[in-house]
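What follows draws every value from the coordinates through simple rules; no lab data is involved. Just so it is clear, the model here is predicted, and its values are computed rather than measured. Counting neighbours? That spans all protein chains shown, and the Cβs are built from the backbone with ideal geometry, glycine included.
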Amino acid sequence: MSAPQSLAETQTLKVGDTAPDFTLPDANGSDPAAKITLSDYRGKQNVVLAFFPYAFSGTCSAQMPSYEAELERFNTFDTQVIGISMDGKPALVAWAKQLKLSFPLLADFYPQGKVVDLYGVRHVAGMPERALFVIDKQGVVQWVHVHRPTGETPDNEELFEVLRKLQ
């Protein structure tokens, strides 16, 4: 039996689809009541949605800081990185502080996994898949990558290659 392969689309989304809109609490903002709505970025910035299984896990604790280290580079492509997990907001707040993350981390906690399901990236074990979506300034999905196995850290160069094409 072969290992599962990475996916370039989900059951609910593929390249060319309009990204489903959502609003979720931001665990990494200065305002404790802050929420982020995806459509607020339309016409302004590209967005990388980075779904991840668990705060404080090994691979996630390597993946998210890799985006932090490249934020200036993402900015040159007029792109906002947003992390999303089903962890509760208090866990994400503590994790972001520990890792010194400055970009938004959204808590898809209640109702549990609503956005994860909207994007079709719930793992059979119940947590989010490790999945990346590049959404352009018009709100259209330009790239999807669901990483299999989930323990593999995504390659940021793949993201930057996609973002280069959006310029």
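If you take all other residues with their beta carbon under 15 Å from the beta carbon of A69, and give Lys and Arg +1 and Asp and Glu -1, the sum is -3. Restricting attention to the stretch 45-165, lysine pairs at least eight places apart or on different chains and with alpha-carbon atoms under 17 angstrom apart total 4. Taking GluC sites (Glu not before Pro) across the stretch 69-167, the ones in a DSSP loop with at most 13 further Cβ atoms lying within 10 angstrom of their Cβ are E152.
Rank A96, A34, A131 by mean-square fluctuation in a GNM of the chain with C-alpha springs under 10 angstrom and give only the top-ranked residue. So, out of A96, A34, A131, the one fluctuating most is A34. Structural descriptor for the stretch 80-167: relative contact order 20 percent, calculated from alpha carbon pairs under 8 angstrom and at least 6 residues apart.
Overall, the chain carries a charge dipole of about 200 debye about its Cα centre when +1 sits on the Cβ of Lys and Arg and -1 on the Cβ of Asp and Glu, all other atoms neutral. Once the gyration tensor of the Cα atoms in the stretch 45-165 is diagonalised, the equivalent ellipsoid follows with semi-axes of 21, 17, 14 Å, ordered largest first. Secondary structure note: in the stretch 45-165, about 55% of the DSSP beta bridges are antiparallel.
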